[in-house]
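The values are calculated or read from the model by the stated rules, or taken from the named source; none is laboratory data. Everything numeric here is computed off the predicted structure, so don't read it as measured data. Neighbour counts are summed over all protein chains in view; Cβ atoms, including those assigned to glycine, are modelled from backbone coordinates with ideal geometry. Side chains are part of the model used for accessible areas, which takes the heavy atoms of the whole protein and leaves out ligands, DNA and RNA. Shrake-Rupley method; radii C 1.70, N 1.55, O 1.52, S 1.80 Å.
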Amino acid sequence: MFEYAPAPESRDVVDIRPSYGLFIDGEFVDGTGKPFKTVNPASEEVLAEVATASPDDVDRAVRAARKAFGGWSALPGAERAKYLFRIARIIQERSRELAVLESLDNGKPIRESRDVDLPLVAAHFFYYAGWADKLGYAGYGPDPRPLGVAGQVIPWNFPLLMLAWKIAPALACGNTVVLKPAETTPLTALLFAEICGQAGLPPGVVNIVTGAGETGAAVVNHPDVDKVAFTGSTEVGRQIARAVAGSGKKATLELGGKAANIVFEDAALDQAVEGIVNGIFFNQGHVCCAGSRLLVQESIGAELLDALKRRLGTLRLGDPLDKNTDIGAINSAAQLAKIRELSDLGEAEGAERWSPSCALPDKGFWFPPTIFTGVAQSHRIAREEVFGPVLSVLTFRTPAEAVEKANNTPFGLSAGVWTEKGSRILWMASKLRAGVVWANTFNRFDPTSPFGGYKESGYGREGGRHGLEAYLDV
Ligand code: NDP
């Protein structure tokens, strides 16, 4: 492997305040809950102290959103679009600052936050800005109405991107928002709040309440919230589904996944190897649609595995702010413990574990890229979401067997198919019970494309024209 000189991105572009309040009604205010600290997972350095929103604070935020709803929803779509375009442009202008802050708070490599997260965040705002004055042509009747106040709870794996997925369509449709970022990654949402101010967004249209699960529960359960949007674990998704049942609230749930990445013997192997790496090692595997189960046709199993191991030997793990880094830090000590536990279980259940030799930094939360071979469908590493850089390899002989194994999961969020044959791609796509099926690629996102799951992966679609439906009274 070539040795590269360190190429760290400067931290000087971000100005992290020692403490942050809640963003309610266009202002930063104190929270009445006990503040918490957010740390850099690559160094365990405390970045800032952040307010916790108590149920009373959440109530204040919902009331501010309700008050703002009248004016915001009455604006002509073209006027709402101006704000969204302005936000999108400010995100582009401040993208370096946002990318560095995201990498500091989340642990993801700057290469990804800079080249994937931030461009997609801006693209989402541009895309939904374009819809704001065309809602009457979206297929939901001539004058579709917004729902009201949206309560949104997002996870820590793509903090700013999940915020964009939630806020951009909500505002385009004329709703107002109370959003709770994850406890371990609140900082970019708070910088986004500042950007709302910079864009002149009317007070109360976007409110950001920070805190842990109880704050999320207070948002979801608030009686004056009309729509709940959640991305996170299936377990919490279930609780939310129970909580909103019978309340009249509309809900979309984007939950876990255990995607099959299926490689046929006629696939372009080098491309497939890149796709497998991108599928499971992108964002440290903290990806709900990660290709965490590799299904490889038996005839090319050994060859593909050799190539994959060679490629893993070239991945660089380390400082997320170094532009050469491929694999950053695991987001939290709790997530690291979960990855370790499931990986140890994989070995105990009889699968064979392999990682390239790679030194882990002394401080922070780290896990090496890991492959398990000899995995049976019944193993927990083949069934449960590890949400880390851990790949389970299974084999198949026929397309029918590949479909059977791919669908043998409680989830149904995404899948990948690698083959030269177009007809096989179409046949597989029609058989796979997954919301997204990628062909000869993986983990590709586009604001125009709907995203969502079957079964325990949740319900509702985000992105594209379909994503509007969740925020309209249709
Ligand atoms: P959670 O589902 O607990 O967290 C997602 C968001 O929901 C966070 O903002 C969280 O707050 C909030 N939350 C937690 N409890 C409640 C509640 N009762 N009501 C409303 N909101 C709540 O995921 P974790 O961060 O705990 O991760 C656990 C596992 O979930 C991971 O190991 C992974 O397997 C899976 N996961 C899947 C994701 C996906 O996109 N599919 C994303 C994240 C996790 P807080 O962060 O403060 O706890």
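Which residues does a label at Phe85 reach in the stretch 173-206, if reach means a backbone N under 11 Å from a point 7 Å past the Cα toward the Cβ? Nothing falls inside the zone, counting backbone N under 11 Å.
Only lysines eight or more places from Lys108 in sequence, or on another chain, were considered; those with a Cα closer than 17 Å are Lys323, Lys363.
The amide H of Ala439, built 1.01 Å from its N in the peptide plane, has Val417 as neighbours under 5 Å, considering only residues 5 or more places off or on other chains. The calculated P(r) of the chain, using every Cα pair and 10 Å bins from 0, goes 4, 21, 30, 26, 14, 4, 0 in percent.
How high is the FRET efficiency from Gln198 to Glu274, r the C-beta distance, R0 35 Å, rounded to 0.05?
Values: r = 39 Å, r/R0 = 1.10.
Step by step, r from the Cβ atoms, then E = 0.35.
For Lys134, the lysines whose Cα falls under 28 Å of its own Cα, not counting residues fewer than eight places away in the same chain, are Lys67, Lys82, Lys166, Lys227, Lys249, Lys250. In this calculation the C-beta distance from Asn408 to Ala359 is compared with R0 = 35 Å, giving a FRET efficiency of 0.40.
Okay, which of the stretch 247-278 sit inside 20 Å, backbone N to the point 7 Å along the Cα-Cβ direction of Ser430? Answer for the stretch 247-278: 262, 264. Ranked by solvent-accessible area (1.4 Å probe, protein heavy atoms only, all chains present), the residues Cys288, Cys358, Cys196 order from largest to smallest as Cys358, Cys288, Cys196. Residues whose amide H falls under 5 Å from that of Glu254, counting only those 5 or more places apart or on a different chain, are Phe230, Thr231, Gly232, with hydrogens built in the peptide plane. A Förster radius of 22 Å combined with the Cβ-Cβ distance from Val46 to Arg316 puts the calculated FRET efficiency at roughly 0.25. So how tilted is helix 301-312 from the main axis of the chain? Cα-based, degrees 0 to 90, rounded to 10. So the inclination is approximately 60 degrees. Residues within the reach of a label modelled at Lys323 (point 7 angstrom out along Cα to beta-carbon, backbone nitrogen below 14 Å), restricted to the stretch 103-117, are 110-115. Taken along the Cα-to-beta-carbon direction at a fixed 7 Å, the label points for Ser233 and Asp15 span 3.8 nm.
Computed from Cα atoms, the angle from the helix 187-198 axis to the main principal axis of the chain rounds to 40 degrees.
If you count only protein heavy atoms with a 1.4 Å probe, what accessible area per residue comes out for the chain, rounded to a whole Å²? Show your work: numbers first, answer last.
Details: 18020 Å² over 474 residues.
Heavy-atom SASA per residue in the chain reads 38 Å².
Close amide H pairs (under 5 Å, H built 1.01 Å from N) link Leu47 with Thr38, Val39, Asn40, residues at least 5 positions away or on another chain. For Glu341, the solvent-accessible surface with a 1.4 Å probe is about 110 Å², rounded to the nearest 10.
In straight-distance terms, cross-link reach from Lys37 covers every one of the aspartates and glutamates whose alpha-carbon lies under 15 Å from its own, apart from those fewer than eight places away in the same chain; here that gives Glu45, Glu49, Asp105, Glu183.
Return the carbon/sulfur percentage of the accessible area of the stretch 286-336, one whole number, probe 1.4 Å, all protein chains in place. Ligands and nucleic acids excluded, carbon and sulfur reach 48 percent. Highest mean packing comes first when the peptides 28-34, 211-217, 467-473 are listed by Cβ atoms within 10 Å, giving 467-473, 211-217, 28-34.
To the nearest ten degrees, helix 333-348 and the longest principal axis of the Cα atoms of the chain are 30 degrees apart.
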